Amino acid sequence: MAPDLPPVPDRPSPRAPRTTTADEGRAVPLHRLAAHRQRPGSSAVDLSEPPTPPALRRLAPELGLHTADLFVIAGVDVPADLAPVDPSAGRHIPRLVRAALALPPRQRTVLRRYAAALPQQERPAPAPGPPAHERYPDGPGALLMRLVRNRNLGWTATAMTFLLLTGGYWSAATYGRVARGTVPLTAELLADFCAVLDVPADDLAAVTGVALPGPDASPTANAGTAGVAELIWDVRRLTESQLRAVTDLAEAMWR
């Protein structure tokens, strides 16, 4: 009689993302993104390899996502060369957004090209870690606020930017409570994040596990804000003086 053989362990799906990090909770959004991209009609990408920095840099263009955002989704710290250069510049973004909203789409495109042509400056100081009040427990609200921080927006600038783009105002501290999970992430609030973040809305719904409201309820359907979320991304790594120059140009274009 042949000897009993040890059971063969189940093999993981070739597209099931694996993680080597100790904190499994931080990898949940990447698992959700992988499942979403495997659905019919989606652009499936192999997410089976561990989410190391080289792998994430390689995968981001295939997924059509900003590389720094994929680091956040994967629960991996954003490298210094992808993080905002000058944290003090972020407080000027609402002024830029206000000016950009007064421009027609064609002029917003000109503004974006000007911002993209500005030289990348050296970081004036080593990249700081998040301030104490932005060290959130993992959750869907924390993920979204980390994506917002990728755009060099602190709480106050976030509240002002959301007001300009969505018409809804919450206090700066309330966005902190969203990040900590004490204020729930609703479908309507997720739609507001979609209006500010240059990330596909269906991907944001997938990684947070929150369904979007109907298209008529989503601020992203407002053509009057077209290109503004992209502009916020374009200026995220500018210095304070460079961001002021972009804003001065925006204001000069509509006056």
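Values as computed for the structure displayed
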item: Residue selected from the stretch 90-127 under the condition without any contact (Cβ under 8 Å) to a residue 60 or more places away in the chain and surrounded by 11 or more Cβ atoms within 10 Å (Cβ to Cβ), by the criterion nearest to the chain's Cα centre (by Cα); result: Ala127
item: Members of the stretch 226-236 that are open to solvent by less than 50 Å² (accessible area, probe 1.4 Å) and modelled with pLDDT of 95 or more; result: Val228, Ala229, Leu231, Ile232, Trp233, Asp234, Val235, Arg236
item: Some residue of the stretch 156-163 being more than 20 Å from Ala226 (Cβ to Cβ), of a type outside the set (Phe, Trp, Tyr) and assigned to a loop (DSSP other than H, G, I, E, B); result: no
item: Test result for Leu82, under 19 Å from Leu185 (Cβ atoms), touching a Ser or Thr at 6+ places or on another chain (Cβ under 8 Å) and open to solvent by less than 80 Å² (accessible area, probe 1.4 Å); result: no
item: Candidate set from the stretch 189-206 (those that are within 11 Å of the chain's Cα centre (by Cα) and among the acidic types (Asp, Glu)); member that is modelled with the lowest pLDDT; result: Asp198
item: Helices (runs of 4 or more DSSP H) contained in the stretch 26-111 and holding at least 2 residues under 24 Å from Leu238 (Cβ atoms) and either at pLDDT 90 or above or of a type in the set (D, E, K, R) (or both); result: 53-63, 67-74, 93-101
item: Any hit, the stretch 61-76, residues being farther than 25 Å from Gly181 by Cβ and open to solvent by less than 50 Å² (accessible area, probe 1.4 Å); result: yes
item: The stretch 207-225, residues that are at pLDDT 65 or above, assigned to a loop (DSSP other than H, G, I, E, B) and open to solvent by less than 50 Å² (accessible area, probe 1.4 Å); result: Val210, Pro213, Gly214
item: Flag for Arg151 being closer than 16 Å to Thr239 by Cβ and not polar (S, T, N, Q); result: yes
item: Tally, over the stretch 235-246, of residues that are under 11 Å from Tyr114 (Cα atoms) and of a type in the set (Val, Ile, Thr); result: 2
item: Flag if Leu143 is within 25 Å of Met253 (Cα to Cα) and either buried (at least 19 other Cβ atoms within 10 Å of the Cβ) or of a type in the set (Ser, Thr, Tyr) (or both); result: no
item: The stretch 183-198, residues that are open to solvent by 30 Å² or more (accessible area, probe 1.4 Å) and closer than 14 Å to Thr158 by Cα; result: Asp192
item: Residues of the stretch 243-253 satisfying the condition of being open to solvent by 20 Å² or more (accessible area, probe 1.4 Å) and modelled with pLDDT of 95 or more; result: Arg244, Ala245, Asp248, Leu249, Glu251, Ala252
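The values are calculated or read from the model by the stated rules, or taken from the named source; none is laboratory data. This one's a predicted model, so the numbers in the text were calculated from it and none came from an experiment. Cβ coordinates were reconstructed from backbone atoms using ideal geometry, including for glycine residues, and neighbour counts include every protein chain displayed. Protein only, heavy atoms only, side chains kept; ligands, DNA and RNA dropped before computing areas. Shrake-Rupley method; radii C 1.70, N 1.55, O 1.52, S 1.80 Å.
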